[in-house]
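Where a number appears in this text, it was derived from the coordinates with a stated rule and is not lab data. None of the values given here were measured: they were computed from a predicted structure. Cβ coordinates were reconstructed from backbone atoms using ideal geometry, including for glycine residues, and neighbour counts include every protein chain displayed.
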Amino acid sequence: MKAIKFLLVAAMAAVATSAVAQDFNDPKYAKWGNTAEERKENILASSYLKEEVANRHFNSAARYLQLLLEKCPNASENIYVNGVKLYKDKSNRAETLAEKKVYVDSILLLYDIRIQHFGNHPKRGRVYLLERKAREYLTYKADDREGVAEAFETAIAAQAEAGVVDPEVVAIYFKNLCDDYQNDVVDAMTVVNAYDANAKYFENLAPEQLQFKDQFEQCFGMSGAASCENIETIFSKKIAENPNDAKIVEQAYKLMARANCSSDFFFTVGEKHYANQPSSQVAMALAQGFQDKKNFDKANQYLREALAVETVAEEREKLFVRIGILDMSINNFASAVEAFREAQVINPENAHAPFFLAQCYVNGAKGCTGLAKDAIYWVAYDLIQKALPLLEANDADRVDAAKQLAAAYRGAFPTKEECFFNELAEGASYTVNCGFAHGVVTRVRPRIQ
């Protein structure tokens, strides 16, 4: 401690010696006081403030700060930089909440006073200081939710006025607002209106700033305020005013898709988005929606259109499966068989193709009779057995259904008598000659009775 005091005294002596050598009558020192002596004292006080803060002599530092704020508040930004450091240290060491509140309020007040005197600084003026104040408010007064929102709104408004809105600041503000909604501090329309007002600040961002747009969109989508009704309230007007704006249409579609919307407006938006940016993902989403609404023609249209332009094998595989499932839902089993077989050509390990093909083969056997009909269950059982381990790894929800089908198909095998009268030995090769499975080779297995 003695060493620290010695160094401080030595530093102050050096500053004093340097100050004596200056001509404080020079106009460049005018901001420090009215007379040369006053200017010298205030410059020394500024240096002492910095040293006392560095050495955590808070009481004496506070006296120097008070003196400088009274006598020359516009002399130097460092008065405020050191003042904020002083009160942050005092806040961190406060023994009571009331004491801490006083120090935090002092930090925020220093920003206000600095804005009064340095608000026109070209780099660290009002816009810069309001952002810093908002961040400090969130750090030190996070429980004052209204105050946090107001501080950020003021900072964003200043940035917008200057034409330099920082998307990170908007993302921080909006995340806190969404948190407030989830904690019943604000209502849904407050969040919706804030989204609507601030979305424009995320247009034409640099690549390194896109993360803030993602945060903004995700917060809205996951907040619960982004209900289908609220999204439609925002975007029905926007799209009506800008029907050819692909970005607005895409934004609306993504938000409504995330919210699992199924209104007529959603499908209108979805079709607009698909027309602007055709993709298999959008086509499948639209197809599922139209299928749920029993509009099978529309669902089939989008899946087929997507298939016609899709070149990525994995996406084509998914499309064929979806087409097959759709065809099954309208009892078009012949077309479904073709689709599932195409999916298998792309990926022999596709889990869904054998699962659904088995069902198609069984449904296609209704026109067959005798052994020709029963033999199809051999093929169907084989397909389910192939599907089971693949489903366990990729679609566990269908495993129980697959096991039930396997048991049912095994119970429908031809009897021993049928095999005997048709001169079929157990384990022998058999080629199906009826239904959609016509030409498929399987093995003879009599039913276990």
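Under the combined filter of DSSP loop state and at most 14 neighbouring Cβ atoms within 10 Å, segment 305-385 retains these GluC sites (Glu not before Pro): Glu349.
Taken over the chain, the percentage of Cα pairs per 20 Å bin, counting from 0 up to the bin with the maximum distance, is 18, 30, 22, 17, 9, 3, 0.
Between Glu426 and Gln277, the simple spin-label model (points 7 angstrom out along Cα→Cβ) gives 6.0 nm. 3J(HN,Hα) couplings calculated from phi for segment 355-360 with the Karplus curve 6.51 cos²θ - 1.76 cosθ + 1.60 (θ = phi - 60°) are, in sequence order, 4, 7, 4, 4, 5, 5 Hz; Gly and Pro show x. Cβ-Cβ distance of Glu203 and Glu99, R₀ of 51 Å, FRET efficiency by 1/(1 + (r/R0)^6): the value works out to about 0.65. Extension gain for Glu392-Asn433 works out to 11.6 nm (0.36 nm per residue, less the C-alpha to C-alpha distance). The calculated FRET efficiency for Glu241 paired with Thr369, based on their beta-carbon distance and R0 = 45 Å, is about 0.10.
Label positions at Asp264 and Asp112, each projected 7 Å from the Cα along the C-beta direction, are separated by 5.4 nm. For the pair segment 324-368 / segment 237-288, the C-alpha centres are spaced 30 Å from each other. Relative to the longest principal axis of the Cα atoms of the chain, helix 296-309 runs at roughly 70 degrees.
Quick note on segment 351-449: its Rg to Rh ratio, both from C-alpha atoms and Rh being the Kirkwood radius, is 0.98. Just going by the charge dipole of segment 346-449, with Lys and Arg at +1 and Asp and Glu at -1 on Cβ, which of Cys368, Pro389, Ala408 is farthest out on the positive end? Ranked along the dipole, the leading option is Cys368. Only one residue of Ala149, Ala358, Cys228 has its Cα farthest out toward the positive end of the dipole of the chain, where Lys and Arg carry +1 and Asp and Glu -1 on Cβ, and that residue is Ala149.
Placing +1 on the Cβ of every Lys and Arg and -1 on the Cβ of every Asp and Glu, with no other charges, gives the chain a dipole of roughly 1000 debye about its Cα centre.
Given R0 = 45 Å, the distance between the Cβ atoms of Lys71 and Leu210 translates into a calculated FRET efficiency of 0.40.
Students often get this wrong, so check it: of Lys254/Lys298; Lys133/Lys175; Lys40/Lys90; Lys298/Lys386; Lys237/Lys293, which have C-alpha atoms separated by over 23 Å? Over 23 Å Cα-Cα: Lys40/Lys90; Lys298/Lys386; Lys237/Lys293. With 0.36 nm allotted per residue and the present C-alpha distance subtracted, the Arg132-Asn78 stretch has 17.9 nm of extension available.
Length available on full extension from Glu314 to Ser329: 0.36 nm per residue minus the Cα-Cα distance, which gives 3.1 nm.
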